[in-house]
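What follows is one structure encoded as C-alpha cells, with my remarks underneath.
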Amino acid sequence: IDKNWETNRYRLGWELYSVGQRVPRQNQIFNLDPAYLTALSQKTGETVNFGILKGIETIIISKIEGNNGGLYVGVQAGQHEAVHATALGKILISEMDETEIRVLFANQPEFYRYTEHTIANVEELIEEVRRVRAVGYAVDNQEFGVGLVCVARAVRDYTGKIVAAVSVSTPANRMTEEHHAAIIDALGECSSAISWTLGYRPQESV
C-alpha cells in the first residue's frame, strides 16, 4: 500500500496491481489441472480432447483415452487437426464474424475432405458456425473420421473470449439421444469449471 502524506491515509499501491497481473499468466490453459479432463472422460466413458486454435488448425494440448473402447484416431497431444472437420475447430472459431472466417480461409477455396461428410468450403463452414452459435456447442458427425462423432464446448478466459475448447469423442453407433444429452451436460460442467479457473465470470462479461 502507499501512504498519502498530506492526508495521512493509505491506498492500494502499484505493487498490488503488478501482483494481480500475474494471476491470469499463472492460470493459463497450459497449466490446466488434468483432473477436469479425467473426470469428464470417466463420467462419459469416452475420449476427451482439449485444444486451442492456431491459424486454420487446432492444436491438441491434452487427450484422455476413454475406457469404453471404440474407434482409435491417431491424433495425440501436440498434434494438429483441421478446423473445418472437427468439433473443436468449429467451436473455436464460433466467435468470429463471417468476414473474419472468410479471411482466415482465404487461401482455401475448397477444403480437404476426410470423409464424404466433411464440410467442403468456407460458405458451408459459415453456415455450420451459425448453428454452433445457436446451440452453444459444436458437432463433428463423422467429418474427420468415418464412424466417429465428436461434440465440443468452448472454454473462456477472464476476458470472456474463447481461448480453448474441450470435446468428447465416441463411436457413432454409441451416440444415442440419451448419450448425446449426457455428453452435452457433462461438457457444459467441465468447460464451465475450466473457464472459472481461467477467471471467466459470466455475469461480469456481459
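The single residue among A165, A186, A152, A193 that is more than 18 Å from L92 (Cα to Cα), touching a residue at least 24 places away in the same chain (Cβ under 8 Å) and either aromatic (F, W, Y) or surrounded by 14 or more Cβ atoms within 10 Å (Cβ to Cβ) (or both) turns out to be A186. Scanning the range 104-117 for residues that are crowded, with 18+ Cβ neighbours inside 10 Å and either touching a strand residue (DSSP E or B) at 6+ places or on another chain (Cβ under 6 Å) or closer than 15 Å to G145 by Cβ (or both) yields a single hit, Y114. In the set V83, V135, V139, only one residue is touching a Ser or Thr at 6+ places or on another chain (Cβ under 8 Å) and either crowded, with 20+ Cβ neighbours inside 10 Å or over 15 Å from I56 (Cα atoms) (or both); that residue is V83.
Of all residues in the range 145-171, those that are in a loop (DSSP other than H, G, I, E, B) and more than 30 Å from Q203 (Cβ to Cβ) total 3. If Q203 satisfies every condition in (1) modelled with pLDDT of 95 or more; (2) farther than 15 Å from H84 by Cα; (3) assigned to a helix (DSSP H, G or I) but one, which is the exception? Only one criterion is unmet by Q203, namely (1). When E177 is tested against (1) surrounded by fewer than 16 Cβ atoms within 10 Å (Cβ to Cβ); (2) closer than 23 Å to K54 by Cα, exactly one condition is not met: (2). Restricting N107, N121, N141 to residues that are at pLDDT 95 or above and farther than 24 Å from T176 by Cα narrows the list to N121.
Of all residues being in contact with a helix residue (DSSP H, G or I) (Cβ under 8 Å, 6 or more places away or on another chain) and open to solvent by 10 Å² or more (accessible area, probe 1.4 Å) in the range 45-61, which is farthest from E178 (Cα to Cα)? Just the residue, please. Among residues in the range 45-61 that are in contact with a helix residue (DSSP H, G or I) (Cβ under 8 Å, 6 or more places away or on another chain) and open to solvent by 10 Å² or more (accessible area, probe 1.4 Å), the one farthest from E178 (Cα to Cα) is G55.
What about T99, is it open to solvent by 20 Å² or more (accessible area, probe 1.4 Å), over 24 Å from R133 (Cβ atoms) and modelled with pLDDT of 95 or more? For T99, the condition - open to solvent by 20 Å² or more (accessible area, probe 1.4 Å), over 24 Å from R133 (Cβ atoms) and modelled with pLDDT of 95 or more - is not met. In the set R131, R113, only one residue is in a helix (DSSP H, G or I) and either at pLDDT 95 or above or touching a Pro at 6+ places or on another chain (Cβ under 6 Å) (or both); that residue is R131.
The values are calculated or read from the model by the stated rules, or taken from the named source; none is laboratory data. All figures in this text were calculated on a predicted structure; none of them were measured in a lab. Heads up, the Cβs are rebuilt from the backbone with ideal geometry, glycines too, and the neighbour counts pull from every protein chain shown. Just the protein is used for accessible areas: all its heavy atoms, side chains included, with ligands, DNA and RNA removed. Shrake-Rupley method; radii C 1.70, N 1.55, O 1.52, S 1.80 Å.
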